[in-house]
Every structure is written in C-alpha cells, then in structure tokens.
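Please read the structure below before turning to the comments.
Read-outs throughout are calculated quantities, based only on the coordinates presented, and are distinct from any laboratory measurement. Owing to the predicted nature of the structure, the values given are computational and were not obtained by experimental measurement. Cβ: placed from backbone, ideal geometry, glycine included. Neighbour counts: every protein chain shown.
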Amino acid sequence: MKKILNVEELIENQSFREVIFNEDTLSEDDWAILATRFEVDIEDVKSAQLFLMSLNRPTTDFETVDQGMLLSRINATIDNISKEHETIIPIHENKYGRKRVPYFKSRWIGIAATLIIIVSSLFVVKSFVEPTIENQVVFSMVEKTTSKGQKLKIFLPDGSTAMLNSGSKIQYPEQFDSGSRKVTVEGEVFFDVKSDSLKPFIVSAQGVIATVLGTSFNIKNSDDEVVSISLVSGRLAVEKQGQNKVSLSPGEMAVVNSFDPIEVQEFVSEDVISWKDGVIVFKNATFEELIKKLENWYGVSISVRGQVDKDFHYTGKYDNYTLDEILEGISFLKKFDYEINENRVVIVVR
C-alpha cells in the first residue's frame with residue numbers, strides 16, 4: 001500500500017472516505033486502527049474525519065443506493081479536482097515574505113463547497129423521490145473455475161489472493177461492499193487475505209461460514225459433504241447453522257459435516273497446503289484415493305485391470321513430478337504395469 005504522507009492525501013484516499021461515510025461514529029480504537037492501516041498519526045485521522053464530516057451530511061439516513069451514489073459522486077469530484085491540481089506545489093510564503101493562503105486550505109475549501117452541494121442535492125432528491133429498483137447499485141458476480149489438471153491464482157477486489165486447486169470454483173462480486181468481503185467456494189481454495197479490521201472476509205462452503213479479518217488458510221469441501229478449514233496464520237472463526245461455533249489458531253483445522261459438532265484438530269502443513277506449490281502428497285493413501293488424486297491433479301482418466309490388494313496403502317511426496325515419473329516409482333513398489341495415452345491411463349495389476 002502506498003504510504004499516506006499527510007492529511008490532504010488521507011482525505012483523497014478512497015478507502016478512507018468509504019470508512020468515514022459508512023460509519024456513524026468512530027472510537028479511539030477505530031482511530032488507532034485507521035492510523036496504523038494508513039500509516040499516519042491518530043491526530044491526522046481525526047483531522048481528516050472532521051473535515052469530511054463537516055460537509056453537512058444530512059441526519060436522515062439514506063438508503064444504500066443513496067449512500068453509494070453519494071460516495072461515487074464525492075469520489076469523482078475529489079478525483080477530478082486532484083487531477084486539476086496535481087502539478088501544484090503547496091507554498092505557504094512567497095519570496096517577498098508575504099503570507100499566502102495555504103494550498104491545503106484553499107484547495108479543500110473549494111472541494112468542501114462542491115461536496116456540500118452534492119450532499120444537499122441528494123438530500124432534496126431523497127425527500128421527494130423514493131428509490132426504485134432500477135436505481136439500486138448491484139455489482140456483477142465473478143465466477144472462476146478450474147478443470148481437472150488445472151490450478152489458478154486470482155486476485156480479489158481487495159488485493160487478497162485465492163489459489164484454486166483442480167476441479168474448484170469461486171464466486172465473488174466485482175467489488176466488495178462497504179461492510180464485508182463475501183465469497184463462495186466449491187472444491188479446494190487457499191486464501192491469503194489482506195488485513196482489514198473494518199471489513200471481515202467471509203467464505204461460504206456448503207453452508208459452513210469462515211470469518212477472518214486478515215489471515216491465510218485452506219478450505220476444502222469434498223464429495224462426501226465434509227468441509228475442512230485449515231488455518232496457517234492469523235485467527236479464524238468457523239460456524240454452521242445448528243452447530244457450535246469455534247475459533248482456530250494457526251496449525252488447527254476445523255472439520256465440519258452434516259451431523260456431528262464441529263471438530264478441531266491439528267494438521268501438518270505439508271499434508272494440507274503443499275498442493276499450491278506443485279507438490280503432491282500421499283499419506284497412507286488407499287488405491288482408490290491415489291487414483292482419484294492423480295486423475296484430479298493431472299486431468300486424466302485412469303482405468304484399472306486386475307484385482308488390487310485390499311491392504312494397498314501408499315505414502316510419498318512428489319515435487320513437480322510428471323504423471324509418468326510418479327507411476328513409474330509406484331508401479332515398481334506395488335507391482336503393476338501402466339500405459340499412458342494422452343489423457344487416458346490404463347493400469348494392469350500383476
């Protein structure tokens with residue numbers, strides 16, 4: 001994030017304005033959080049808030065559409081005025097020693113007058129016209145999917161990242177609203193969430209809700225309707241309607257199904273999140289688990305001929321290996337032959 005140098009740039013910052021115009025009151029703790037977030041002194045935060053709130057915001061609450069319209073017009077006004085003045089250097093005293101009106105003060109008096117007109121005009125419109133469905137601001141939803149054999153890293157609107165494993169899907173709005181950051185997932189996704197104490201990051205998977213402020217974690221929902229959420233850093237709360245709510249610490253995993261209470265257990269990071277770095281891990285895997293993981297990882301279809309030993313289990317780790325390299329090693333140990341023909345694989349048990 002670009003470092004904010006002064007009150008003027010703080011007022012120009014769109015994220016800061018969104019917070020101020022969407023929060024009725026700010027406490028000392030809120031000021032401290034904002035000061036840390038924007039790398040300024042608390043007094044700068046208070047000064048910038050005082051300026052913005054002095055624009056005669058009407059006491060009557062706007063509908064969401066009015067708030068969005070107001071904020072959009074304020075942002076546009078400040079952006080336009082900023083562009084008009086971007087080459088001006090603030091000077092408080094000329095070479096003759098005669099005091100001049102500070103650039104900050106003169107510039108923002110003009111902006112304040114403009115914004116007061118905007119706020120007042122919206123208040124008048126609100127007094128006479130009820131909002132209609134056509135006026136509501138609705139952000140389009142974005143959907144990203146991966147097929148078998150694919151992985152995808154995306155950047156979310158707030159700067160957070162999501163890494164999708166094979167056969168996964170994520171849905172999120174093209175722009176997060178002012179209150180929270182909500183996404184929905186299927187399959188397996190690793191999140192690295194950008195910290196924002198005023199906007200919780202909420203992930204939904206099969207009715208399970210994970211809520212964080214800023215953290216990294218892995219979420220996986222499988223075909224057997226079991227959702228597992230593994231926390232790597234930060235803190236995270238997990239809940240499901242009708243069940244208990246739990247808080248996780250780093251190194252803990254929440255396992256959720258349809259019937260039992262949410263279970264918290266420890267996990268080995270390598271076993272859970274190494275997939276995002278191209279490492280495939282088998283831990284005491286049955287033959288069926290091994291085949292399913294290879295099919296999903298490499299995007300192939302595997303058929304088996306012959307009877308597999310019912311006691312078949314395999315443990316191994318492969319860092320960016322090809323399918324042929326993996327099968328070659330396993331086939332030697334487990335005594336089977338195989339043939340790869342494009343995206344079709346035939347395994348013949350000896």
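Taking other C-beta atoms within 10 Å as the exposure proxy, Y314, Y172 rank Y314, Y172 from fewest upward. Legend: ranking of residues R37, R235 from fewest to most surrounding C-beta atoms inside 10 Å; resulting order R235, R37. DSSP loop (so not H, G, I, E, B), at most 15 other Cβ within 10 Å: list which chymotrypsin sites (Phe, Trp or Tyr not before Pro) in segment 215-283 pass both filters. Answer in residue order: F259.
Extension gain, E266-E28: 0.36 nm per intervening residue step, less the Cα-Cα distance, totals 82.0 nm.
Tell me, what is the FRET efficiency for Q175 and A237 to the nearest 0.05, using R0 = 25 angstrom and their Cβ-Cβ distance as r? With R0 = 25 Å, the Cβ-Cβ based efficiency is 0.55.
Checked against a 18 Å cut-off, the cross-linked pairs K144/K317; K148/K194; K153/K276; K151/K292 give Cα-Cα distances beyond that limit for K144/K317; K148/K194. For Q150 and L333, the difference between the fully extended length at 0.36 nm per residue and the C-alpha to C-alpha distance is 63.1 nm. Under a 5 Å amide H cut-off, with hydrogens placed 1.01 Å from N, L213 pairs with F201, R235 among residues at least 5 apart or on other chains. In a fully extended conformation the segment linking S204 and S303 would gain 32.2 nm over its present Cα-Cα distance, using 0.36 nm per residue.
The loop-placed GluC sites (Glu not before Pro) in segment 158-217, going by DSSP, that have at most 14 neighbouring Cβ atoms within 10 Å of their Cβ come out as E174.
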